[in-house]
Amino acid sequence: WPKKTPFKPLAVRVQEFHTRTPPRYKAKPVPAAAQRPLSMTQPKEPTLRTSSRLRACYAKSREEEELQAMANMPKFHARPLNHHILEAPRTTSAAKAAAKHAPTPPQPFNFITDDRLQRRHQQQQQQQ
């Protein structure tokens, strides 16, 4: 059987644990002489890689853009005028034939609902 150990209070066990801890695991106080004197820090820009990726930006002025657009425009060439357009219209036989036709006579609509309504009225008259 294991040997019985006498009761130890928690405070004593904690104190023993701290005394048994190796010194390499304990925080060492920094002597005041080893610390640097406090001073204001100098601001410094971060060196980001995006600045090396940027390409040189060249924007054309409005005059340059307009000159380039004018140079790229196709040259305007007018078509010759068809003088037959300016002459008075001639009456052709097809135009005369189209003018002789009479207008189409209107025809009434034949709705299915009208037929049902008529049948319903006839049935009501027969029942009376």
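Okay, here's what the table says:
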read-out	value
Count of the stretch 91-119 residues which are of a type in the set (Ser, Thr, Tyr) and either at pLDDT 85 or above or open to solvent by 100 Å² or more (accessible area, probe 1.4 Å) (or both)	3
Leu81 vs. criteria assigned to a loop (DSSP other than H, G, I, E, B), at pLDDT 90 or above and aliphatic (A, V, I, L, M)	yes
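The values are calculated or read from the model by the stated rules, or taken from the named source; none is laboratory data. What you see is a predicted model, and the numbers here were worked out from it, not measured in a lab. Ligands, DNA and RNA are stripped out before the accessible areas are found, and what is left, the full protein with its side chains, is counted by its heavy atoms. Shrake-Rupley method; radii C 1.70, N 1.55, O 1.52, S 1.80 Å.
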